[in-house]
Every structure is written in structure tokens, then in C-alpha cells.
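Right, one structure below, let's go through it.
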Amino acid sequence: MDNHDEPAVETAGLVKLFGETRALDGLDLTVPRGIVYGVLGPNGAGKTTAVRVLATLLRPDGGEALVFGKDVRRQADEVRGRVSLTGQFASVDEDLTGMENLILIGRLLGHRRHAARDRAAELLEAFGLTPAADRQVKTYSGGMRRRLDIAASILSTPDLLFLDEPTTGLDPRSRNQVWDIVRAIVAQGTTVLLTTQYLDEADQLASRIAVIDNGKVIAEGTKGALKASVGVGAVHLRLRDAEQRAEAAEILRSALDAQVILDHDPVAITARIADGGGDGGTERGAAEQASRALAELGRSEIVVDTFSLGQPSLDEVFLALTDRPATEGSAA
Amino acid sequence: MTTARAKDDEIELAPVAENLASVLVAKERPPRPSALSASITFGWRAVLKIKHVPEQLFDVTAFPIMMTLMFTYLFGGALAGSTTEYLQYLLPGILVTSVVMITMYTGVAVNTDIEKGVFDRFRSLPVWRPAAMVGYILGDLLRYVLASTTIMVIGLILGYRPDGGIVGVLAAVGLLMVFSFAFSWVWTMFGLFMRSEKSVMGVSMLVLFPLTFLSNVFVNPKTMPGWLQSFVDVNPITHLVAACRSTMSGTWDGGEILWVLVASAVLTVVFGTLTMRLYNRK
């Protein structure tokens, strides 16, 4: 009945219109089973729309979308039986308590009264929410809410879990908790489709990434391949003396073979390092190149106050892929 | 305030269990719940909301009391010579008016929910599609029973005496529940397509005022001009009030009762279908 070679998600030429806006404009996506698949893009790129179409919440206007081989339009009910969704805005009832929310979903999934209560208690415990079990969700913090939301999504282990920007607006500690949960979920064999605006989140969790912009996939591949296509990162410097900036920029340009950007801040310099080698080796390559550049600056007696080596930001990925900065679209 | 914050921090710090994997292990998926069971679960959610925000029961208790008192003493002397006399005529009508008026809160509840993420979760669950909507109405039926009880109690205190006895009163309330269930689908439809809670309320006033006032609730339609009488005659509220009056006074008008039941079936089919179309497309 279920062909295991079939991808978890397969779309071809998927189109969704909101009036004049083409939120999805021919989206082609193939998500293999059993991995975390990252969908990366700025606000308005069509990430949420794509997730809502795949979770049967929106009907596409054109193209094909299959989830485990089932058509999201014609076999919506079968799709719903295999997926779970944690939306961008907490998909839990704020007026009810955490416990009541989980029992509600459990009952709707067909658990009997006691089984639903036991399962709810078990999940609250595992997600560190037991002390808040009998409080209304509206009193929860963002991190607690998100954990409850994910707990609701895995009440019955889904085959495919959609996480729509699961860490947007969370503090670093809550974000790490969510990441741990996602890793545990995928280790159990659930496929996770994760949308995010943050390259480091995709980097931490996903093994394949699709970059989407204006409703289309503009790059797709393994993490390593994608990063290599973007460059390995950027060096950010702040100099002691603004007058030395031109000289420093020249040194960086020749030492790193890098694109140098002079910021509005008169003592700041950003240098984008080009690809230093193959998969995996690129990280060390970037650090080595950066330290060589620092040494060169030192030899020329240029005083560097602060220095940091960052991964390419989403803006930089966009710059590299589209030759223009990430734009804010209208449809989120 | 300080203690609440400290408590929050503790919960925030509560570690996600190391044996997270054990709760994730794929368990047997239970069979999907029946349509009735899913609807009742959604109804339970509506009841929980009342439990957490009991103030919302104000409109099903205070509003009916106000309506009954106001119209009894305002019109009683003028229309029937005495307030007790008028109450015998008015009470079944005010019962119907009050309950039908509060049916519109179903639409408001639907409208406030659709903006929230929880609606997405409900729509992505593999359950009988109309269950979420039926659940709202089931929860609201509880409110209607409360409103009906309030009005009957205040009516009895003021001197209303139903000749149809307890059976007649229960039959009237039963008919009213059937009709309100059916009529609520009008509001779930508006709740799904109107853009805001305020516009749902606006439309509901536009529908409810003519429907309840241009009927036989307050005065005998024979005193009205002919063109108005023809509207009053097709107004479902007129038939519902006539049916309730008949059971409460013990005369049991089969024709009117049948009219109400058929109208309820038609309302449910038409507006239930429209609601579900909107729900699936939202």
C-alpha cells in the first residue's frame, strides 16, 4: 500500500494565488523520507503558503502536490491522517490549560478518555511543562507555548511533521530546547519539514535545504553544497583608527581574495570570504584564511579592536544566489 | 507578581526530559473517532471555555431577565390591560426572542477563532469535517438551556402559568433548541466569511431585529397592515412562537410544530452546506 521509495513530499509547478500576488509560482520540491528538510527564505517568500498547501489547509491553484504519494486536493483526508502541523502562530487554544489542550487533541485523534489523559501527562512531563499543566496557555511564555504546540503535534507520532518557523521569536535557551526536540523526533523516523529564516537553524538541523524566493525554489541541495555555493562566511572587523581603513581594506582584498564591504560605520569592515575548498573542509579554511589576514594587518601595524568570523547570513545567501538583497514580500 | 515571575523562570528552566525518545516511540494509532464523538469533544472545548471565562454567561442570564421585565411592564398595561394578562401571551415569545438573539454569539466565537492558529490545527486533523462547527453549536446549546431556564423562572415569579404543564414547557424548549441548532448555521457561515467580529455583530442585528420584532412575539399580527402581515406569516419566528405557545398552553398545534421541524431541517441543510464549503476553502 505504501511505497517506501516514495518521497515524503513531492510538488511540481505548484501555484497559489492571493489576488494579484503569486505566493507560490511554480514550486518544485522533493522531500526525501526520514530527514529534516529545511525550507529557507525571507518573509513573504512563500514558505508558510507552501506548508499550508501541503497540510491541506489551502487549495493550490495549479500544479501537483503529493504527500506520501497522496494528492493534497483529492486525497486530503488521507494526507491529514499522516501529517501534523505546528504553525507559525501557536496552534493551541489560549483559553484552555496545557493539559486540556493535549486531551482535546488526543480525543480528536481517537484516544479514549483515560488514554488521552495519560498521554497528555506523559508529554507534558517530557517537555518540562508539568508545573504549568493546569494553567491557561495565555499565561505561558513563548518557549513554553511552542513546546506545548509541538507536543500536540506528536500526540500520535506523525509520519511527516511541518514546523513553520518553530523558533522565530524565542530566546536562545528555548530555541535550543526546540532544536533538541526536533532532533529527537527525526531520530524516531518522522520526516520533518522545517521552514526558517535563519541559515544557522537550517544548518543545525536540516540535512537538505531548499532556498525559496518569490514562490520558487532558487537553490536546493545538501547543506555543504549550498554553503559552498554561497561562500564560507564573512569576517567582521572594527579598527582602532578610521584613517587606516582604506589600507586595511586593500590588505584584506589581496590576502583573502575577498569581496570587501565598507560599512557606514567609519571603523568597520566586512570581508566576504570566497569558497576555500570542498565540503566539510570549508569551515577550517575560512578560519585559517581569516587568521592569515589578521597577521597581515598586524604586520602593517593596523590595530584591530574587534574581530568576528560569521557564517553567511541569509542576506548574504540571497545576495549570492540572486544578486540582490532579500526582499520583504507581502504574502508571508 | 514577583513570585509568578520566579515560577515562570523555573518552568522555563525545566529541562526537556532526556528520555524524550521514549515518549516519541511510535505508538499504535487509535481508530479515528466517530462523527458524534468528535463533535462532542469540540462541544467539550466550548464548555471548557465557559468554565474558564464564566463572565460570558452574563448575556444568557442578564439579557433575558432584562428583556422579560422590560417588555412585560412596557407593553403589558397598554396591550392587554394588565401585565399578568400580557405575560401569558408574551412569555413564550420572549423565550424564543431571547434565545434566537443569542444564537449569533456562535458566529462571533467562530470569527474570533479563525484568526488564531488553533483553527489550523483543527482543520489539519483527520476528523469528520463538520465536527468543529457542530461543536461550537453544541456548546452554545448549553447556553440556550441556561437562558431558557432563567426566563421560565422569572416568568413563573412574575405570574406566568403554563396550562400545558411541565411537559408543554419542556416540549417548547426542545423545539426551540432544535430551531436554534439549525439557525446557528447561519451564524457559523457569517462567522467564517465576515472579516471581523464587529461585522458579524452588525449583520446579526440587521437580521435579528426584523426577524424577532416583525412577528407575533409582542402583538397580535391582526392589528398590522396587510403587507406586514404577509411578511409575519412567512417569518419562521412566527411559526416557532406559535408552536411554543401551543405546547405551553396545552393545545399542541401539530401543523406549526411540523413547520418548525421542516424549517429547521432546511436551514441546517442549506446553511450547514454553505458553512462547510467556506470551512474547507478558508
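Data for the structure
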| item | result |
| --- | --- |
| Flag if A:Val235 is within 30 Å of A:Leu294 (Cα to Cα) and either surrounded by 19 or more Cβ atoms within 10 Å (Cβ to Cβ) or among the acidic types (Asp, Glu) (or both) | yes |
| Residue match in the range A:52-75 (condition: within 7 Å of chain B (Cβ to nearest Cβ) and farther than 28 Å from A:Gln136 by Cα) | yes |
| Any chance B:Tyr73 is assigned to a helix (DSSP H, G or I) and either under 15 Å from the mean Cα position of the chain (by Cα) or buried (at least 21 other Cβ atoms within 10 Å of the Cβ) (or both) | no |
| Some residue of the range B:113-123 being β-branched (Val, Ile, Thr) and either within 28 Å of B:Tyr86 (Cα to Cα) or at pLDDT 95 or above (or both) | no |
| Among the residues listed as A:Thr191, A:Thr157, A:Thr195, the single one being of a type in the set (Val, Ile, Thr), within 10 Å of chain B (Cβ to nearest Cβ) and within 29 Å of A:Glu6 (Cβ to Cβ) | A:Thr157 |
| Lone qualifier among A:Asp95, A:Asp118 - being out of contact with any Ser or Thr (no Cβ under 9 Å at 6 or more places or on another chain) and either closer than 30 Å to A:His4 by Cα or within 9 Å of chain B (Cβ to nearest Cβ) (or both) | A:Asp95 |
| Hits in the range A:8-43 (condition: more than 26 Å from A:Asp200 (Cβ to Cβ), surrounded by fewer than 21 Cβ atoms within 10 Å (Cβ to Cβ) and away from chain B (no Cβ under 14 Å)) | A:Glu10, A:Ala12, A:Gly13, A:Val15, A:Gly19, A:Glu20, A:Thr21, A:Arg22, A:Asp25, A:Gly26 |
| Which numbered condition A:Gly46 misses (of (1) away from every other protein chain (no Cβ under 14 Å); (2) within 22 Å of A:Thr157 (Cα to Cα)) | (2) |
| Residue list for the range B:45-58, restricted to those being more than 7 Å from chain A (Cβ to nearest Cβ) and either in contact (Cβ under 8 Å) with a residue 60 or more places away in the chain or on the phi > 0 side of the Ramachandran plot (or both) | B:Ala46, B:Val47, B:Ile50, B:Leu57 |
| Hits in the range A:266-306 (condition: of a type in the set (Asp, Glu) and modelled with pLDDT under 85) | A:Asp275, A:Asp279, A:Glu283, A:Glu288 |
| Members of the range A:14-35 that are β-branched (Val, Ile, Thr) and either more than 13 Å from A:Thr49 (Cβ to Cβ) or not in a strand (DSSP E or B) (or both) | A:Thr30, A:Val31, A:Ile35 |
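Residues are listed down the side, and each one gets a yes or a no for (1) at pLDDT below 85; (2) assigned to a helix (DSSP H, G or I):
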{"site": "A:Ile209", "(1), (2)": "no, no"}
{"site": "A:Ile218", "(1), (2)": "no, no"}
{"site": "A:Leu226", "(1), (2)": "yes, yes"}
{"site": "A:His236", "(1), (2)": "yes, no"}
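Yes/no matrix, rows are residues, columns are (1) part of a strand (DSSP E or B); (2) more than 10 Å from chain B (Cβ to nearest Cβ); (3) farther than 17 Å from A:Gly87 by Cβ:
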residue: A:His111; (1), (2), (3): no, no, yes
residue: A:Met144; (1), (2), (3): no, no, no
residue: A:Arg147; (1), (2), (3): no, no, no
residue: A:Leu163; (1), (2), (3): yes, yes, no
residue: A:Thr167; (1), (2), (3): no, yes, no
residue: A:Ala184; (1), (2), (3): no, no, yes
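The values are calculated or read from the model by the stated rules, or taken from the named source; none is laboratory data. Quick caveat, the model's predicted, so the values are computed rather than measured. Cβ atoms come from the backbone with ideal geometry, glycine included; neighbour counts cover every protein chain shown.
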